[in-house]
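Take a look at the structure below.
The values are calculated or read from the model by the stated rules, or taken from the named source; none is laboratory data. These numbers were taken from a predicted model, which means no experiment stands behind them. Quick reminder, even Gly has a Cβ in these numbers, built from the backbone with ideal geometry, and neighbours come from all protein chains shown. In case anyone asks, the SASA skips ligands and DNA or RNA and just uses the protein heavy atoms, side chains included. Shrake-Rupley method; radii C 1.70, N 1.55, O 1.52, S 1.80 Å.
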Amino acid sequence: MSRFYVTTPIYYVNDVPHIGHAYTTVTADALARWHRLLGDDVRFLTGTDEHGLKIERAAVANGITAQEQADRTSARFREAWAALDISNDDFIRTTEPRHQQAVQVFLQKVYDNGWISSKTYAGWYCVACEAYYNESELGDGNLCPIHDRPVEWLEEENYFFELSAFEQPLLDWYAANPDAVQPEGKRNEALGLIRQGLEDVSISRTSLTWGVPVPWDPAHVFYVWYDALINYATAVGYGADPEEFGEWWPAVHHLLAKDILRFHCVYWPAMLLAAGEEPPHRLHVHGYLLVGGEKMSKTSLNQIFPADLVADFGVDGFRYHFLRDQPFGPDGDFSYEGMVGRFNTDLANNLGNLLARVATVVAKKCGGVGPAPDPDSPLAAVAADVVRETTDAWAAVAPSRALDATWRLVREANAHLETNEPWKAEPGPEVDRVMGDALEVLRLVAILSSPALTRASSEIWRRIGLDGAPTDCRIPGDVAWGGYPGGLPVEKGPSLFPRLAKGST
Ligand code: MSP
């Protein structure tokens, strides 16, 4: 059995989940579900990133403690993911003791290996910002550009990770692992950053306390990013259960957007090398989901929340849209009209209509009992092709392509019905054969689409009289043509995906 460990970035708890966060999370979820169908041993991790200045500030703005800010917002992420049928096996919070311990073990190792040293950092510091400024950024009279108040000259001992020493090891790792960062364009971007030259990075702060204490010098806490990245190791037992860690690491697939490419594709592999561990197996980098051509942000007031769309499209409609219409890799513009169009075409007209037609004809011409498929059906070859294309696309982390391939089978089945017009024919073996084929397609599509349509796939399964759920099936064994046994009651229920009016809300 192969192992498949998939992660999302851990989300900051200064802000509530929006559809950008959901996009990554739904994609990771669909991948986890696909790999469960393959029979892999799957571990799917998501969680929240709870330390650092950003969170402290949000807490102050909300008049609560940082811990309360973290508790409340982390709960919002959990709820949002449950509402989208996210099947994570673990939810990590960086304020958990298991994480603090792993971070301390990890960075102590890097320190002991000689890759962390202390240096004095000197500069103009704004206490309100808790940030250093270059002289050129200051206003007349040495004023902070944000607060218009005098900055102070501060000299601080900081611990630095000697990233510069990892330039060549990283280039070697990239050369030896040409598929590690995907897609190709993002790999080139990461290589470009490394080739530009790497400087040592400051990894600790004495100016704040909301973080993981540096074990060899507790006056410092680690800078949030160096605590956050380690979550991926914490969750599979780093520093606590070496056997477990050895089972899952480095077979990890990290999903992330391009905003955090530098941290994941440069700093994280270097930190792992410095700790004597292997860099991650795969880093899948996607673009931004844009709203009106812009990245969503709290300050631009252009955020869209999952619940806004689930109300109109349902959980399946939501998941299907983001997986099918936002190809993994490039930036994509969110469009409500596009979402309505996709829902009507693929879900209402194609899949929903296939199920409705089949159930109606089986009721009228087959006494409500589904016949078995024809082993020599022309659809058998199409199904075999579709299974192969769908499988290849999921393996390449291309959900859009995978669903497009699966939907070819839906379209072909509808065309098969239109050619044969069983609704016009007399009941008999000819009608039974055509209906058996269509039922077999519904069985196959229920399995193949289950990573996206968590609900409709089970509902189709039930309505065509099958026991259990599509998620109990295994690929490829259960997607060979001919698995629908026939002789099962077929239920004609309400429309699976009622058509939406254009511009409906
Ligand atoms: N906490 C860090 C990540 C630490 S991982 C060790 C962070 N958090 S975040 O809350 O800002 O989330 C960033 C991630 O959310 C992105 O990498 C991406 O996966 C997702 N997205 C947030 N907005 C997005 C879009 N507008 N479009 C696509 N993905 C987006 O960075």
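Can you compute the equivalent ellipsoid semi-axes for region 303-349, i.e. the square root of 5 times each eigenvalue of the Cα gyration tensor, sorted largest first and rounded to whole Å? Intermediate results must be reported in sequence, preceding the final value.
Working: eigenvalues 50, 39, 17 Å².
Ellipsoid semi-axes (Å, largest first): 16, 14, 9.
Report, in listed order, any pair from LYS119/LYS258; LYS365/LYS492; LYS298/LYS502 with a Cα-Cα distance greater than 19 Å.
Working: LYS119/LYS258 31 Å; LYS365/LYS492 13 Å; LYS298/LYS502 28 Å.
Correct reply: LYS119/LYS258; LYS298/LYS502.
Lys/Arg Cβ at +1, Asp/Glu Cβ at -1, dipole of the chain taken about the Cα centre: which of LEU256, GLY486, VAL221 is farthest positive-ward?
Final value for the positive-end residue is GLY486.
Hey, can you grab everything whose amide H is under 5 Å from the amide H of ASP374? Only 5+ residues off in sequence or another chain; H modelled, so Pro and N-termini drop out.
Amide H neighbours of ASP374, under 5 Å, 5+ apart: ASP437.
What is the calculated FRET efficiency for GLU491 to ASN142, with r their C-beta to C-beta distance and R₀ = 56 Å, to the nearest 0.05?
After rounding to 0.05, the efficiency reads 0.15.
For region 108-246, what % of the accessible area comes from carbon and sulfur atoms, probe 1.4 Å? Please report the intermediate quantities before stating the final value.
Values: 3230 of 6780 Å².
It is 48 percent, rounded to a whole number.
Within a Cβ distance under 14 Å of ALA219, other residues only, what is the Lys/Arg minus Asp/Glu net charge?
Result for the neighbourhood of ALA219: -2.
List, largest first, the extents of the alpha carbons of region 216-280 along their principal axes, each in whole Å.
If we take the Cα atoms of region 216-280, the spans are 34, 32, 18 Å.
Once you place label points 7 Å from the Cα toward the Cβ at ALA480 and THR345, how far apart are they in nm?
Between ALA480 and THR345, the label points sit 3.6 nm apart.
Per residue of the chain, what 222 nm ellipticity follows from adding -39500 (n - 2.57) for every DSSP H run with n ≥ 4, rounded to the nearest 500?
Calculated from helices alone, the mean residue ellipticity at 222 nm is -13500 deg cm²/dmol.
With every protein chain present, what is the per residue accessible area of region 373-468 (1.4 Å probe, Å²)?
Working: 3580 Å² over 96 residues.
Per residue, region 373-468 has 37 Å² of solvent-accessible surface.
Counting only residues 5 or more places away or on other chains, whose amide H sits under 5 Å from the amide H of ASP90 once H atoms are built in the peptide plane?
Those qualifying (amide H under 5 Å, at least 5 residues apart or on another chain) are PHE44, THR46.
So between ASP404 and THR419, what do we pick up on full extension, going 0.36 nm a residue minus the alpha carbon distance? Write out the running numbers ahead of the final one.
On the way: separation 15, 0.36 × 15 = 5.40 nm, distance 2.24 nm.
Length gained between ASP404 and THR419: 3.2 nm.
Could you calculate the contour length gain from LEU208 to GLN168, that is, 0.36 nm times the residue separation minus the distance between their Cα atoms, to one decimal place in nm? Before the final figure, lay out the partial values.
Values: separation 40, 0.36 × 40 = 14.40 nm, distance 3.36 nm.
Stretched out fully, the LEU208 to GLN168 stretch lengthens by 11.0 nm.
What does the charge count near HIS264 come to, summing +1 for each Lys or Arg and -1 for each Asp or Glu among other residues with Cβ under 14 Å from its Cβ? Intermediate results must be reported in sequence, preceding the final value.
Working: positive: LYS186, ARG187, LYS258, ARG262, ARG282; negative: ASP49, GLU189, ASP259.
Summing Lys and Arg as +1 and Asp and Glu as -1 gives +2.
As an exercise, use a Förster radius of 30 Å and the Cβ-Cβ distance of TYR132 and ILE64 to find the FRET efficiency, rounded to the nearest 0.05.
Details: r = 28 Å, r/R0 = 0.92.
With a Förster radius of 30 Å, E is 0.60.
Which net charge results when you count Lys and Arg as +1 and Asp and Glu as -1 among the other residues whose beta-carbon is under 12 Å from that of VAL181? Could the numbers behind the result be given before it?
Values: positive: LYS186, ARG187, LYS258, ARG262, ARG282; negative: ASP179, GLU184, GLU189.
Charge balance near VAL181 sits at +2.
So if R0 is 56 Å, what FRET efficiency would GLU278 and GLU426 give, r being the distance between their Cβ atoms, rounded to the nearest 0.05? Display every interim value, and only then the final one.
Working: r = 66 Å, r/R0 = 1.18.
FRET efficiency, GLU278 to GLU426: 0.25.
Ranked highest first by the average count of other Cβ atoms within 10 Å around their residues, in what order do 147-153, 83-89 fall?
Listed from highest to lowest mean packing, they are 83-89, 147-153.
How much of the DSSP bridge set in the chain is antiparallel, in percent, rounded to the nearest 5?
If I count the DSSP bridges inside the chain, around 50 percent turn out antiparallel.
Among the helices of the chain (complete DSSP H runs), which have Cα atoms covering no less than 24 Å along the helix axis and a Kyte-Doolittle mean of at least 0.5?
429-449
Can you find, among LEU31, PRO451, ALA415, the residue sitting farthest towards the positive end of the charge dipole of the chain, where Lys and Arg contribute +1 and Asp and Glu -1 at Cβ?
Of the listed residues, the answer is ALA415.
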